[in-house]
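Below is one structure, written out as structure tokens; the observations come after it.
The values are calculated or read from the model by the stated rules, or taken from the named source; none is laboratory data. Bear in mind the structure is a predicted one, so any value in this text is a computation, not a measurement. Note: ideal-geometry Cβ built from the backbone for every residue, glycine included; neighbour counts use all protein chains shown.
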Amino acid sequence: MILKNVNGDVITLLHNDIIKLIPHRHPFLLIDKITDINLNKCITGIKAVTFNEPFFPGHFPEHPVMPGVLILEGMAQTAACLISYEHQSLSKNNLVFFTGIDNAKFRKPVTPGCELFFKINLIASKRSLYKFNGEAFVEKKLVASSEFSAMLVDKDKAK
């Protein structure tokens, strides 16, 4: 069931809420908003892709395209928000690291002016290991997909 506040409105997390959950900051925070949180199941992240993104001058100046690896990173950050929102005490002392990326597919380029929706489903979890399925959409059209895994790592042990 999608989380709602006391007024029955769907809970939406904005920038200040997101940075409490994950350690990413500008220019590497790749999600602007979180919606449709269904604890231990799924979540949606949203990224407004603007011409001012720091990667566009080099990728590519004449035809700006968002790098596929950054689309995957946006999926991972959205997934990390799902885990951290449910276990907020974990997000204070842990980082979430990729442990694998499988079956990544890129179907259409993402360009300035697009609004990117990351739809993430939790497939499995065991202790500090998690497996996800992610899809990225622009205007309800699938632009990328992947399965990926991640694990929680204590910040002090990650040094």
Worksheet, complete the sentence: Note on A48: of the conditions (1) touching a Phe, Trp or Tyr at 6+ places or on another chain (Cβ under 9 Å); (2) over 12 Å from I22 (Cβ atoms); (3) small (G, A, S), unmet is (1)
Practice prompt. With the checklist (1) in contact with a Ser or Thr (Cβ under 9 Å, 6 or more places away or on another chain); (2) at pLDDT 95 or above; (3) in a helix (DSSP H, G or I) in hand, flag the one item K131 doesn't pass.
Written response: (3)
Worksheet item: Can you tell me which residues in region 140-159 are exposed (fewer than 11 other Cβ atoms within 10 Å of the Cβ) and under 22 Å from N38 (Cα atoms)?
Response: K140
Response to the item:
Of the residues in region 66-88, those that are at pLDDT below 95, in contact with a strand residue (DSSP E or B) (Cβ under 7 Å, 6 or more places away or on another chain) and surrounded by fewer than 22 Cβ atoms within 10 Å (Cβ to Cβ) number 1
Worksheet, complete the sentence: Reported set for region 36-91 where residues are part of a loop (DSSP other than H, G, I, E, B) and on the phi > 0 side of the Ramachandran plot is N40
Worksheet item: Restricting attention to region 104-122, which residues are part of a strand (DSSP E or B) and either surrounded by 13 or more Cβ atoms within 10 Å (Cβ to Cβ) or more than 17 Å from the chain's Cα centre (by Cα) (or both)?
Response: A104, F106, E115, L116, F117, F118, K119, I120, N121, L122
Practice prompt. Would you check which residues across region 55-83 are more than 19 Å from P23 (Cα to Cα) and not hydrophobic (A, V, I, L, M, F, W, C) and list them?
Written response: P57, G58, H59, P61, E62, H63, P64, P67, G68
Fill in: Filter result (out of contact with any Lys or Arg (no Cβ under 9 Å at 6 or more places or on another chain), of a type in the set (S, T, N, Q) and either modelled with pLDDT of 95 or more or more than 21 Å from V153 (Cα to Cα) (or both)) within region 1-51
N5, N7, N16, T35, N38, T50
